[in-house]
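The structure appears below as C-alpha cells.
Bear in mind these aren't lab numbers, they're just calculated from the coordinates by the rules spelled out. Quick caveat, the model's predicted, so the values are computed rather than measured. Backbone-built Cβ (ideal geometry, glycine too); neighbour counts: all protein chains shown.
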Amino acid sequence: MGMAANGGMNGIPTGFSVAASGTGSSVSSQLARMDKIRQKNQRPKKKLKYNPREIANQLQRVNKSRNASVVLTRAKSKVAALQSAKATGQYKDSDVRVALAHARRMVECSRMKVRNLKEEELLTKRGDRSHAAKEQQKKGEIKRRVRQKEKDLKLKMEIEENQDILKEKMRRQELIQKRRRHRTEEQGKITEADMKYLQRLDENDQPVRSVDMGSVALELSLAAERLAELQRMEQQMQQQAELEAEMEVEMEMGSLEAGSLDVAAAAEAVQTAEASLGEAASAPGAVVDVML
C-alpha cells in the first residue's frame, strides 16, 4: 500500500523518477554531442588537390640560381599549405601525409638545385675570367710580335739600302777602273805598234827624220806608267773585292744571330772603302785619264 502511495505511473517511485530524469538529460546532451561528432566524422572527405609534377617541372626548366630560389620558395609554400589542410581534417589523412612527404622532398630538391647552380655559376665566372685574361695576354703577345717584326723589317730595309748604296759605289769604281785599264791597254797597243815601226826602219837603215824621237820616248814612258798603274789598279780591285766579301759575311752573320745590324758600322765600312779607293787614286804615279 505504501509503495502505491509513493508510487507513480507504471509503479515507478516518484523520487527515483526525478533523479533519473535529471541524469538522463545530461547523458542525452553528451550523446547528442557524440552524435554530432560522429556525424561530422562520417561526412565525406574532400579530395586533396596536389600536383606532384608542378615543382619538379619548374626545377627542370630553370638554369639560373636566382630562378631556382623562386622555385624553392614555392615548394616551401606548398608544404605550409598541406600542413594547414591536414589541420582542418577535411581531407584524408593518408593523402595529406603522402603529399606532404613529397612536398618536403621537393623542398630538398629545390635547395640542391640552388646549390648546384650557384656552384656552376661560380665555376663559369672563374672560367670566363681566366679566358679573358688569356685572351688579353694573347693580344698583348700578338702586338709585341707585330712591333718586333716591324722593327726587324725596318732594320732589314736599312741594311738592304746601305748594301745597295755600297754596291752602286763599287760598281762605279769598277767602271772607272775598267775605263782606265782599257785606255791603258789601248795606249799600250799604240805604243807597241810605234816601236815595231821604228825597229823596222832601223833594220832597213832608212832615215827616221820624219819621226819625232822625243815624242816617241814620251809615249813609251807614259805607256810604262800606265802599265804600272794597271797593275796597281788590279791589286786595288782585288782588295776591294775581298773587303766587299768580308762586309757581306759580317752583315749576314749579324742579321742571323742578333736580328739587327749596326747601320753606323756599315756606313763606316762604306766610308773606309771609299777612302781606300781615294788613296789608291791619289797615290804617287797614278795616271788620270782625261778621256773618261
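Please identify the GluC sites (Glu not before Pro) of segment 62-142 that satisfy two criteria: DSSP loop assignment and at most 15 other Cβ atoms within 10 Å. Which are they?
none
Using +1 on the beta carbon of Lys and Arg, -1 on that of Asp and Glu, and nothing else charged, what's the dipole of segment 80-152 about the Cα centre, debye to 20?
The calculated dipole for segment 80-152 is roughly 560 debye.
Would you list, by chain and number, the lysines whose Cα falls below 29 Å from the Cα of Lys113, excluding same-chain residues fewer than 8 positions away? Here the lysines satisfying the reach criterion relative to Lys113 are Lys49, Lys64, Lys76, Lys78, Lys86, Lys125.
The alpha-carbon of Lys178 sits under 29 angstrom from the alpha-carbons of these lysines, leaving out residues fewer than 8 places away in its chain: Lys167, Lys169, Lys189, Lys196. Site pair Glu160 and Ile176 shows an inter-label distance of 2.9 nm when each label is modelled 7 Å from Cα along Cα→Cβ.
Separation between the Ser77 and Lys169 pseudo-spin-labels, each 7 Å from Cα along Cα→Cβ, expressed in nm? The two pseudo-label positions are separated by 9.3 nm.
Label zone (Thr124, point 7 Å along Cα-to-C-beta; backbone nitrogen cut-off 16 Å) within segment 64-99: 64-70.
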